[in-house]
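Worksheet: the structure to be examined is printed underneath.
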Amino acid sequence: MTNITDIKGYSVTGVFKTTTSIKQDKESTDSKTLNLNIRMNNVSLQDVITKALRPVVISWQNGPGRSKFATWTHNGSVDIDFKSPAKKIKTREESIEDAKLTFMKAGIDKESAIEMATKVVDNPELIQ
């Protein structure tokens, strides 16, 4: 699998299959399951990702976003986990500290543990 970190210059073409269930209206008890063939023809990867992120944004807004509104700074940045938008994301420093402690529990000296933890956090592909 290729890991794309810069989405500029990429487009998506193909037919992507998914299923859905639909009712005629809110009150209807009758539903039908349909197989959808979603066709993309040179759709920019930016457009695909923007739509994929929309439910994540809404989930975050309705959870920690609004509940911590007073703590946010206008035009500030917030790190959000794609799979779990309400989950607190560790800072780089917190992740390094956790990895360092793991290495030290394995018997590695503190200096080496810090160096290894920094490399692992900054280059996660090293352990995949």
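Nothing in this text is a laboratory measurement; each read-out follows from the coordinates by a stated rule. None of the values given here were measured: they were computed from a predicted structure. Backbone-built Cβ (ideal geometry, glycine too); neighbour counts: all protein chains shown.
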Query raised in the report: In the range 1-13, how many are farther than 27 Å from GLU125 by Cα and surrounded by 10 or more Cβ atoms within 10 Å (Cβ to Cβ)?
Result: 0
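Answer yes if at least one residue in the range 46-68 is over 30 Å from ASP122 (Cα atoms) and either surrounded by 13 or more Cβ atoms within 10 Å (Cβ to Cβ) or in contact (Cβ under 8 Å) with a residue 12 or more places away in the chain (or both), and no otherwise. Please lay out each step first, then the result.
Taking the range 46-68 as the starting set, the residues that turn out to be over 30 Å from ASP122 (Cα atoms) are 62, 66-67.
If we keep only those that are either surrounded by 13 or more Cβ atoms within 10 Å (Cβ to Cβ) or in contact (Cβ under 8 Å) with a residue 12 or more places away in the chain (or both) as well, we get none.
No, that holds for no residue.
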Query raised in the report: Which condition breaks for SER21 when tested against (1) of a type in the set (Gly, Ala, Ser); (2) within 28 Å of GLU125 (Cβ to Cβ); (3) touching a Leu at 6+ places or on another chain (Cβ under 8 Å)?
Result: (2)
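Among the residues of the range 27-52 satisfying the criterion of being of a type in the set (Gly, Ala, Ser) and in contact with a strand residue (DSSP E or B) (Cβ under 7 Å, 6 or more places away or on another chain), which is nearest to GLY9 (Cα to Cα)? Walk me through how you get there before you give the answer.
If we filter the range 27-52 for residues that are of a type in the set (Gly, Ala, Ser), which is where we start, we get 28, 31, 44, 52.
With in contact with a strand residue (DSSP E or B) (Cβ under 7 Å, 6 or more places away or on another chain) added as a condition, the list becomes 31, 44.
Numbers: SER31: 41, SER44: 8 Å.
The extreme case among them is SER44.
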